[in-house]
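Encoded as structure tokens, the structure appears first; notes follow it.
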Amino acid sequence: MKKSISISVKGRVQGVAFRYYAVHKAIELDLVGWVRNLSDENTVEIYAEGEEKDLMEILDWAHHGPSSAYVTDLNFYWGEAFGKYSGFSVKY
């Protein structure tokens with residue numbers, strides 16, 4: 001059964017290619033959804049749908065992100081998968 005996860009990542013996560021690496025990680029895990037910067041300039045939000053084991057893996061990755069990032073806080077919540085996404089992309 002597919003699930004969804006919403007992840008809010010704070011720290012030095014904008015301007016360090018966090019979204020680029022998140023897209024590649026999500027595609028590698030066969031997840032669908034999106035990633036975006038929030039206007040506060042220090043938060044990235046990830047929304048992903050897929051198998052729970054793959055969602056756990058992107059959650060684990062988000063705790064540190066790419067080597068250029070510095071994560072200071074992370075919050076997440078689980079939900080139902082709606083099935084309206086066909087790929088994973090940057091949302092503007």
Checklist entry - So what are the ³J(HN,Hα) numbers for the stretch 3-16, from phi and the Karplus equation (6.51, -1.76, 1.60; θ = phi - 60°), rounded to whole Hz, Gly and Pro as x? => result 10, 10, 9, 10, 10, 10, 10, 10, x, 8, 10, 10, x, 10
Item to check | Surface/4 of the Cα convex hull for the chain, nm² | outcome: 5.2
Next on the checklist: Full-extension gain between LEU59 and ARG12, please, as 0.36 nm times their residue separation minus the C-alpha to C-alpha distance.
Outcome noted: 15.2 nm
Item to check | Lysine pairs within the chain, Cα separation less than 23 Å, 8 or more sequence positions apart or different chains | outcome: 14
Checklist entry - Taking the Cα-to-Cβ direction at TYR20 and at GLU52 and moving 7 Å from each Cα, how far apart do the two end points lie in nm? => result 3.5
Item to check | THR72-TYR92 pseudo-label distance in nm [points 7 Å out on the Cα-to-Cβ vector] | outcome: 2.8
Item to check | Cβ-based exposure ranking for TRP61, TRP78, in which fewest neighbours within 10 Å come first | outcome: TRP78, TRP61
Item to check | Gained length - LYS2 relative to ASP30, 0.36 nm times residue gap less alpha-carbon distance | outcome: 8.9 nm
Item to check | Rounded to 5, percent antiparallel among DSSP beta bridges of the chain | outcome: 90
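The numbers here are math on the coordinates, done by the rules we state, and not lab data. As the structure is a computational prediction, the values presented were derived from the model and not from experiment. Positions of Cβ are generated from backbone atoms using ideal geometry, with glycine treated the same way; all protein chains shown enter the neighbour counts.
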